[in-house]
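A.B. asks: The structure is given below, and queries will be raised subsequently.
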Amino acid sequence: MQIIILLVVIGLIAFLLYKAQLAKSTLTTNHTATRFEAYVSDAEFTDMVVDTSKTTPVLVDFYAEWCGPCKQFTPVLSQFASDYQGKFLLAKVDVDKNPQVVERYQIRSMPTVLLFKNGEVVERFSGGKAAHSLTFLLTKHGVHAPTQQEPVA
């Protein structure tokens, strides 16, 4: 009887490990960035985010590969970056690979988005936002979607 229970437990553990590995492999974030997006590391953060924000606003998306809400929100941010045609840069920071930036900006949940302007954080929110809320946030800080007549950057 004890052998049967042991075999059932071992089988259950093997099944759970298999499911976890399968989930991990199918939930990997697509790392294809548009020309208005960049994946940023701890080492690059000051140059690519803080310094760049002195001339162009930078929206920073703190995400995790395993985060379901991040996977839903990332396409929304990417579409905004494309629609705004370079009016702001979308920087993406993987929280699991960049602990220094995560600690510096006290990122506690994902997704978390920070808007940098003139080298400073001017806006912060956690969780997804509807498109009209993102439009309002960007407009509030002087970032306007290009009109039809404006050429692509």
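The values are calculated or read from the model by the stated rules, or taken from the named source; none is laboratory data. Values in this document were obtained by computation on a predicted structure and should not be read as measured data. Ideal geometry is used to build each Cβ from the backbone, glycine not excepted, and the neighbour counts take in all protein chains shown. Just the protein is used for accessible areas: all its heavy atoms, side chains included, with ligands, DNA and RNA removed. Shrake-Rupley method; radii C 1.70, N 1.55, O 1.52, S 1.80 Å.
A.B. asks: Expressed as a whole percentage, what fraction of the accessible surface of the range 34-153 belongs to carbon and sulfur atoms when a 1.4 Å probe is rolled over the protein heavy atoms?
C.D. replies: Details: 3230 of 6090 Å².
Taking all protein chains in place, the range 34-153 shows 53 percent carbon and sulfur surface.
A.B. asks: Also: For a quick check of your reading of the filter: which trypsin sites (Lys or Arg not before Pro) in the range 29-117 sit in a DSSP loop and have no more than 16 other Cβ atoms within 10 Å? Walk me through the numbers on the way to the answer.
C.D. replies: On the way: sites: 35, 54, 71, 87, 92, 97, 104, 108, 117; in loops: 35, 87, 97, 108.
Loop-located and lightly packed - 35, 97, 108.
A.B. asks: Let me ask something additional. To one decimal place, what orientation-averaged projected area in nm² is obtained for the convex hull of the Cα set of the range 75-151?
C.D. replies: Taking a quarter of the hull surface, the average projection is 5.7 nm².
A.B. asks: What nm value, rounded to one decimal, do you get for the distance between residue 72 and residue 106 when each label is placed 7 Å out toward the C-beta?
C.D. replies: 2.7 nm
A.B. asks: What's the FRET efficiency of residue 125 with residue 147 using the Cβ-Cβ distance as r and R₀ = 30 Å, to the nearest 0.05? Write down the numbers at each step before the final one.
C.D. replies: On the way: r = 27 Å, r/R0 = 0.89.
Efficiency, from the Cβ-Cβ distance: 0.65.
A.B. asks: Rounding to the nearest 20 debye, state how big the charge dipole of the range 47-88 is about its Cα centre with +1 on each Lys and Arg Cβ and -1 on each Asp and Glu Cβ. The partial results should precede the final answer.
C.D. replies: Details: 3 positive and 5 negative charges, 25 e Å.
Dipole of the range 47-88, to the nearest 20 debye: 120 debye.
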